[in-house]
Amino acid sequence: MLDNLKITPLYNCYKEYGGKIVEFAGWAMPLQYQGIISEHEAVRNAAGLFDVSHMGEVEIKGADAAEFLQNLVTNDVSILKDNQILYTLMCYENGGIVDDLLVYKFSDEYFYLVINAGNIEKDILWMFECKDLYDVEITNSSSSVAQIAIQGPKAQKILQMITDINLDDIKFFNFKTDVLIDGIKCIVSRTGYTGEDGFEIYTQIDKIENIWHKLLNIGSQEGLKPAGLGCRDTLRFEACLPLYGNEISKDITPLEAGLAFYVKLQKNSFIGKEALLKQKREGLKRKLVGFEMRDRGIPRHGYEVAVLGVKIGEVTTGYLSPTLKKNIGLALIDIKYCELETEIEIVIRGKSLKAEVIDKKFYKNNYKK
């Protein structure tokens, strides 16, 4: 089953820590090590260490790099200073989402994009399609970069033990280059996908194993645990962070997904702007909401949402929340039913179970501003 899958430079470390390996976006990745709940709780209360080397990295260089990106993505790249990071989306002309991504600015002529593992080939093809006459060079660096993320309230304390700079100097959504971690040169950023404070470490693929082992060795006394894809999903879900293929896709616009903050319609132009302006002008027909089950049952991705037996949408993500101990979910539903406290039904194994629309910010994020 796992034959012919791509592997990260940390693949051999998974079994050493008890990793249960599954297929994810064409990669062999750890679903869990000791268990999804214990890893989730480690990140919320201490720290977790994730292998995210499967993510894609794309370098954009050239005289028109900033101008090219300003047209390619929905957010305003012009506000970025060197060593700052921007969360944004790429859209098709019809407003559907190509991908969500992070933009790292090294200089006016050099940017670094971090994209989703399952979208690497599609995204790069799209970038080349949008290149037109821009003076830019687009390079897929994914295979030469390894990336790990340490997340949780003790992440800084643990990483600081083997880092040569004061990590307080890296503010939220900023990064530093040439940081020495256990003597190894790295890029270190402070973003995260869990709702907790934390750091991403980028380095050469032949160096990442040293840092992985060192962090787990020194961090174990602080409660650091290796963490897999399972808790990565429960953590990002509680923090209401979107996952491509669930809350966002080619068939969902950023406005429908509740991501209007990252769409700067006042920009001169960007791909998808006209479609999104039209959608805003005419009003949304559906929207992403949070909900809580009132009857017993755990909602899952793809389950039907109904009112009085009539389908009004689908669940995008649902879980028994490890932090809140409640059965909650996100769903894309008809705009008429999006008001808080609206009663809806989730169809689970053929049965309509009661649920209620609630604020989708299930968990208060603990980022260090």
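Bear in mind that the values in this text are calculations on the coordinates, not laboratory data. Small disclaimer: the values here were computed from a predicted structure and weren't measured. Positions of Cβ are generated from backbone atoms using ideal geometry, with glycine treated the same way; all protein chains shown enter the neighbour counts.
Taking 0.36 nm per intervening residue step and subtracting the Cα-Cα distance, what contour gain separates Lys6 from Lys171 on full extension?
So the extension gain works out to 56.1 nm.
So what are the ³J(HN,Hα) numbers for the range 267-274, from phi and the Karplus equation (6.51, -1.76, 1.60; θ = phi - 60°), rounded to whole Hz, Gly and Pro as x?
4, 3, 6, 7, 5, x, 4, 4
About the Cα centre, and with charges only on the beta carbon of Lys, Arg (+1) and Asp, Glu (-1), how big is the dipole of the range 285-369? Nearest 20 debye, please.
Result for the range 285-369 is approximately 440 debye, rounded to the nearest 20.
Could you list, in their original order, any pairs among Lys336/Lys360; Lys280/Lys364; Lys285/Lys311; Lys326/Lys364; Lys285/Lys336; Lys250/Lys354 whose Cα atoms are separated by more than 19 Å?
Among Lys336/Lys360; Lys280/Lys364; Lys285/Lys311; Lys326/Lys364; Lys285/Lys336; Lys250/Lys354, the Cα-Cα distance tops 19 Å for Lys280/Lys364; Lys250/Lys354.
Among Gly245, Gly272, Thr316, whose Cα lies farthest out toward the positive end of the dipole of the range 237-319, if unit charges sit on the beta carbon of Lys, Arg (+1) and Asp, Glu (-1)?
Toward the positive end, the furthest listed residue is Gly272.
Using helices alone, I'd like the mean residue ellipticity at 222 nm for the chain: each DSSP H run of four-plus residues gives -39500 (n - 2.57), total over residue count, nearest 500.
Working: 8 runs with 72 residues, N = 369.
That comes out to -5500 deg cm²/dmol.
In the Gaussian network model of the chain, springs joining C-alpha atoms below 10 Å, which of Gly283, Gly219, Gly302 carries the largest mean-square fluctuation?
Highest fluctuation of the listed residues: Gly283.
Arrange the peptides 351-359, 188-196, 26-34 so that the one whose residues have, on average, the most other Cβ atoms within 10 Å appears first.
188-196, 26-34, 351-359
Could you sort out which of Lys185/Lys368; Lys61/Lys81; Lys15/Lys225; Lys6/Lys176; Lys61/Lys131 sit more than 20 Å apart by Cα distance in this structure?
Lys185/Lys368; Lys6/Lys176
Counting each pair of different Cα atoms once, what's the Kirkwood radius of the range 285-369 in Å, rounded to one decimal?
After inverting the pairwise mean of 1/r, the radius is 12.7 Å.
What order do you get for Cys91, Cys231 when you list them from fewest to most C-beta neighbours inside 10 Å?
With the sparsest Cβ surroundings first, the list reads Cys91, Cys231.
Give me D for the range 129-263 in µm² s⁻¹, whole number, from Stokes-Einstein with Rh from the Kirkwood sum over alpha-carbon pairs, 10 °C and 1.306 mPa s.
Rounded to a whole number, D works out at 94 µm²/s.
What is the extension gain from Leu125 to Asn217, computed as 0.36 nm multiplied by their sequence separation minus the C-alpha to C-alpha distance, in nm to one decimal?
29.0 nm
Suppose each label sits 7 Å from its Cα in the direction of the beta carbon; what would the Glu209-Leu277 distance come out to in nanometres?
5.4
Run the dipole for the range 65-141 about the Cα centre, Lys and Arg Cβ at +1, Asp and Glu Cβ at -1, nothing else charged, and hand back the magnitude in debye, nearest 20.
The dipole magnitude comes to about 220 debye.
Could you run the Karplus curve 6.51 cos²θ - 1.76 cosθ + 1.60 with θ = phi - 60° over the range 182-195 and give me ³J(HN,Hα) per residue in whole Hz, x for Gly and Pro?
In residue order, the calculated couplings are 6, x, 9, 6, 9, 9, 10, 10, 10, 10, x, 9, 10, x Hz.
Give, rounded to the nearest 20 debye, the magnitude of the charge dipole that the chain has about its Cα centre when Lys and Arg contribute +1 at Cβ and Asp and Glu contribute -1 at Cβ.
Numbers: 45 positive and 52 negative charges, 253 e Å.
For this selection, approximately 1220 debye.
Which ³J(HN,Hα) values in Hz, rounded to whole numbers, follow from the phi angles of the range 245-258 under the Karplus curve 6.51 cos²θ - 1.76 cosθ + 1.60, where θ = phi - 60° and Gly and Pro get x?
So the J values, rounded to whole Hz, are x, 10, 7, 9, 6, 5, 9, 10, 8, x, 5, 5, 7, x.
Can you give the FRET efficiency to the nearest 0.05 for Asn365 and Lys326, using r as the Cβ-Cβ distance and R₀ = 25 Å?
The pair Asn365/Lys326 has a calculated efficiency of 0.90.
Putting +1 on Lys and Arg Cβ atoms and -1 on Asp and Glu Cβ atoms, find which of Cys338, Met293, Asn365 reaches farthest to the positive end of the dipole of the range 273-369.
Asn365
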